[in-house]
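The values are calculated or read from the model by the stated rules, or taken from the named source; none is laboratory data. The model shown is predicted, which means the values in this text are computed figures rather than measured ones. Note that each Cβ is placed from the backbone with ideal geometry, even for glycine, and that neighbours are counted across all protein chains shown.
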Amino acid sequence: MRRTVFHNALIGWLGVVLSGSIALAGEAGIFSFPVGEAGTPPTVAPSANGYHIAQGFNTSVDYLNGAPDGGWCMRNGAQDDRYREKSACEGAGGRWYYGHTGVDLSNRTSGGDVRAIANGIVRKISRNIDGWGNLVRIEHTLPNGEIVYSQSGHMLRIDAAVQEGVPVVLGQKIGEVGTTGNSTSPHLHLEVKKDNSNGPGYLFDDAGNQMKTFYDPPAGPPDS
Ligand SMILES: [Zn+2]
């Protein structure tokens, strides 16, 4: 299985030089962009990468102190800017969304390659769990030993070689950009998080507790 995965990685990945230590579950010493041209970062405006940041990371909401109304209203499957307060939104039958725990990368087209941002081990694949659509979560060990997880959602499909417990290498294709789950147009939702759960990512309070968000699926129990 490992040999097969690595072989696929070599075929699928042409743009990045693999490091000398080809440890299959190796340290995530190098990170790269998962869509478009790996050496060119996506920017807010369409860039040479081919993808742009359709929505960025938003930590503007203070969840611990009563969750002010920073956010937006979704009604009938679309953002409705006429309702700028939570109570008004919900009164009109909408749902209020707080914040955004990752970055949305889009070229408005389904089917582009989604690649692993670093070496790691696949810890979760799922299809249409909560609002994530097709989801892949990869565990990465940083050079200092810290563990982080990259989580990709809304994918059109997940590559057949990507299975839970299987190593992936930097740049390996893991799936394709899509709009499955809670998504209104093709994009990759990518976030980096500290816990191995389906829930949203890198939002922690001063005590180190993960905070809630209501944009993406609620935090669930850790997956083994
Ligand atoms: Zn997103």
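Restricting the stretch 90-107 to residues that are of a type in the set (Gly, Ala, Ser) and surrounded by 18 or more Cβ atoms within 10 Å (Cβ to Cβ), which is nearest to the ligand (Cβ to nearest atom)?
Among those residues, the one meeting the criterion is Gly102.
Find the strands (runs of 3 or more DSSP E) located wholly in the stretch 1-104 whose residues include 1 or more that are more than 21 Å from the chain's Cα centre (by Cα) and at pLDDT 85 or above, and list them.
72-75
Would you point out the residue of the stretch 166-195, among those that are aliphatic (A, V, I, L, M) and more than 10 Å from the ligand (Cβ to nearest atom), that is surrounded by the fewest Cβ atoms within 10 Å (Cβ to Cβ)?
Once the filter is applied, the top-ranked residue is Val166.
Could you tell me which numbered condition Arg123 fails, if it satisfies all but one of (1) surrounded by 23 or more Cβ atoms within 10 Å (Cβ to Cβ); (2) of a type outside the set (Gly, Ala, Ser); (3) part of a strand (DSSP E or B)?
(1)
Name, by its number, the condition in (1) assigned to a loop (DSSP other than H, G, I, E, B); (2) more than 21 Å from Ala78 (Cα to Cα); (3) of a type outside the set (S, T, N, Q); (4) within 16 Å of the ligand (Cβ to nearest atom) that does not hold for Arg137.
Evaluating Arg137 over (1) assigned to a loop (DSSP other than H, G, I, E, B); (2) more than 21 Å from Ala78 (Cα to Cα); (3) of a type outside the set (S, T, N, Q); (4) within 16 Å of the ligand (Cβ to nearest atom) leaves (1) as the failure.
For residues that are at pLDDT 85 or above, over 13 Å from Ser150 (Cβ atoms) and within 15 Å of the ligand (Cβ to nearest atom), tally how many sit in the stretch 108-131.
1
Restricting to the stretch 133-148, what's the tally of residues that are under 12 Å from Glu191 (Cα atoms) and buried (at least 22 other Cβ atoms within 10 Å of the Cβ)?
4
Only residues that are over 18 Å from Gly120 (Cα atoms), part of a loop (DSSP other than H, G, I, E, B) and not hydroxyl-bearing (Ser, Thr, Tyr): list them for the stretch 174-199, please.
Val177, Gly181, Asn182, Pro186, Gly199
Whether any residue in the stretch 157-173 is assigned to a loop (DSSP other than H, G, I, E, B), closer than 20 Å to Gln55 by Cβ and touching a residue at least 12 places away in the same chain (Cβ under 8 Å) is what I want to check.
Within the stretch 157-173, not a single residue is assigned to a loop (DSSP other than H, G, I, E, B), closer than 20 Å to Gln55 by Cβ and touching a residue at least 12 places away in the same chain (Cβ under 8 Å).
Only one of (1) within 12 Å of the ligand (Cβ to nearest atom); (2) modelled with pLDDT of 95 or more is not met by Pro200, so which one is it?
Every condition holds for Pro200 apart from (2).
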